[in-house]
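The values are calculated or read from the model by the stated rules, or taken from the named source; none is laboratory data. No experiment lies behind these values; they were computed from the predicted model shown. Note that we place each Cβ from the backbone using ideal geometry, even for glycine, and neighbour counts take in every protein chain shown. Accessible surface areas use protein heavy atoms only, side chains included; no ligands, DNA or RNA. Shrake-Rupley method; radii C 1.70, N 1.55, O 1.52, S 1.80 Å.
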Amino acid sequence: MHNIVFFIGLIFILWIGRSIFIPLLFATFLWYLLNAIAVYYRRIMPCYKSEKCNVYLSKSYTVLSVLLSFASVGFIIFLFATQIKPMLVELYNATPVLQQKLLIFSEYISRKIGFDIDINLIPNLPQIAGYIGSSLAGIATSTGMVLIYLIFMFVEQSSFNKKIDAMPLSRIKSKKLRFILNSIDENMKKYLFTKTFISAATGLCAYIVLHFIGLEYASVWAFIIFILNYIPTIGSILACGLPIVYALISGDTWHLPVFTAISLIGLEIIFGNILDPKLTGKTLNISTLAILINLVFWGMIWGPAGMFFSVPILVAIYITTAQFSSTRWIATLLSTDGKIPDETQND
């Protein structure tokens, strides 16, 4: 009974404190992503992990790699602000017209198949766009808080290990805590970098293909595909479905939607079903069902932001619960094959 009350109370706190937790999660996401990119920049620089590289040169390379990671993320933000956002606004303003075309298209399909389609089952595009827009506006208003969190994370990260050492813990507990934090840090960085790389590659290829076949707002669809690929399963479906639906209701012939469908589904199969599992397979050993349940859970509490962060949160829960005897059963349920990290390996 106490556990149920605690769980309900925790959900209430997460929901009521979403204005604090969501900016903190975005800052943490950016912090992990920037550090992950910086690590890979550092690896391609001269004398990586070499004895010939003196302390001052090593520190200079570290600072340079961080600056390059900030420049990379800054370029994406600049691209969005100057190229994507204006077209996104234009597409949003066109949703009433698109909704009317969708209704006409559904009536056409109804006549062809001889079956009446319930109008209530047809997605309300202006309403959906308004909901997504309000969610993004809510995130945008907290940009200042995200930046403050991010700055302090970079300031504090150099002294984080010293704080762990100064904690009044036994040797075993200290090693266990350090192992958990290092595992979360390593897996999260690898997952976010790999996911960002795959999402960016999918979005870039989608832009080239959609621009070539002549679909309007190719840049917008490519950016949406890039973002939605962070959301497991449902994100991939929406990433393909939205441009295909737009091609169906806006095109004059069947060629455009057919080529759009073949191209995007092919890209999702290559990047999402072949490359993604191979690149992230060693990082995640989590059941697909657990990912879907977790996706729905966080989506209900925090909306699109919760869905976006559902997998990183689940990875942290999986790693943490695997390191305590009382919670290892949770990690076992979350795993794909029942094989979880050995608790004794941190001793």
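Backbone phi angles across region 329-340, fed through the Karplus curve with coefficients 6.51, -1.76 and 1.60 (θ = phi - 60°), yield HN-Hα couplings of 5, 5, 4, 5, 5, 6, 6, 6, 10, x, 8, 10 Hz in residue order; Gly and Pro are listed as x.
In terms of Cα atoms, the Rg and Dmax of region 206-259 work out to 10.9, 33 Å. Shape index of region 166-252: Rg/Rh, with Rg the Cα radius of gyration and Rh the Kirkwood radius from the inverse mean 1/r over Cα pairs, equals 1.32. The residue among G272, I313, T327 whose Cα reaches farthest toward the positive pole of the charge dipole of the chain, with charges on the beta-carbon of Lys, Arg, Asp and Glu, is T327. When the charge dipole of the chain is built from unit charges on Cβ atoms (+1 for Lys and Arg, -1 for Asp and Glu) and taken about the Cα centre, the candidate among C205, Y61, S110 whose Cα reaches farthest toward its positive end is Y61.
Computed packing ranks the peptides 165-174, 310-319 as 310-319, 165-174, most packed first, by mean other Cβ atoms within 10 Å. Relative contact order of region 137-233, taken over Cα pairs closer than 8 Å and 6 or more residues apart, is 21 percent. For region 189-304, a crude dipole built from +1 on the beta carbon of Lys and Arg and -1 on the beta carbon of Asp and Glu, taken about the Cα centre, is about 580 debye to the nearest 20. The H on the amide N of S335, modeled in the peptide plane, is under 5 Å from the matching H of S287, each at least 5 residues off or on a different chain. How high is the FRET efficiency between L275 and S326 when r is their beta carbon distance and R₀ equals 41 Å, given to the nearest 0.05? About 0.65, to the nearest 0.05.
With protein chains left intact and a 1.4 Å probe, residues in the chain average 60 Å² of accessible area per residue. Multiplying the residue separation of S174 and I128 by 0.36 nm and subtracting their alpha-carbon distance yields 11.8 nm. Placing unit charges on the Cβ atoms of the charged side chains and taking the dipole of the chain about its Cα centre, the candidate lying farthest along the positive direction among L248, I128, A71 is A71. Derived scalar couplings between HN and Hα for region 21-34 equal 6, 5, x, 5, 5, 5, 5, 5, 4, 5, 4, 5, 5, 5 Hz in order, rounded to whole Hz, by the Karplus curve 6.51 cos²θ - 1.76 cosθ + 1.60 (θ = phi - 60°), x for Gly and Pro.
Peptides 59-72, 206-219 ordered by packing proxy, namely the average of other Cβ atoms within 10 Å per residue, highest first: 206-219, 59-72. Per-residue Karplus couplings for region 60-69, computed as 6.51 cos²θ - 1.76 cosθ + 1.60 with θ equal to phi - 60°, are listed in order as 5, 5, 5, 4, 5, 5, 5, 4, 5, 5 Hz, Gly and Pro entered as x.
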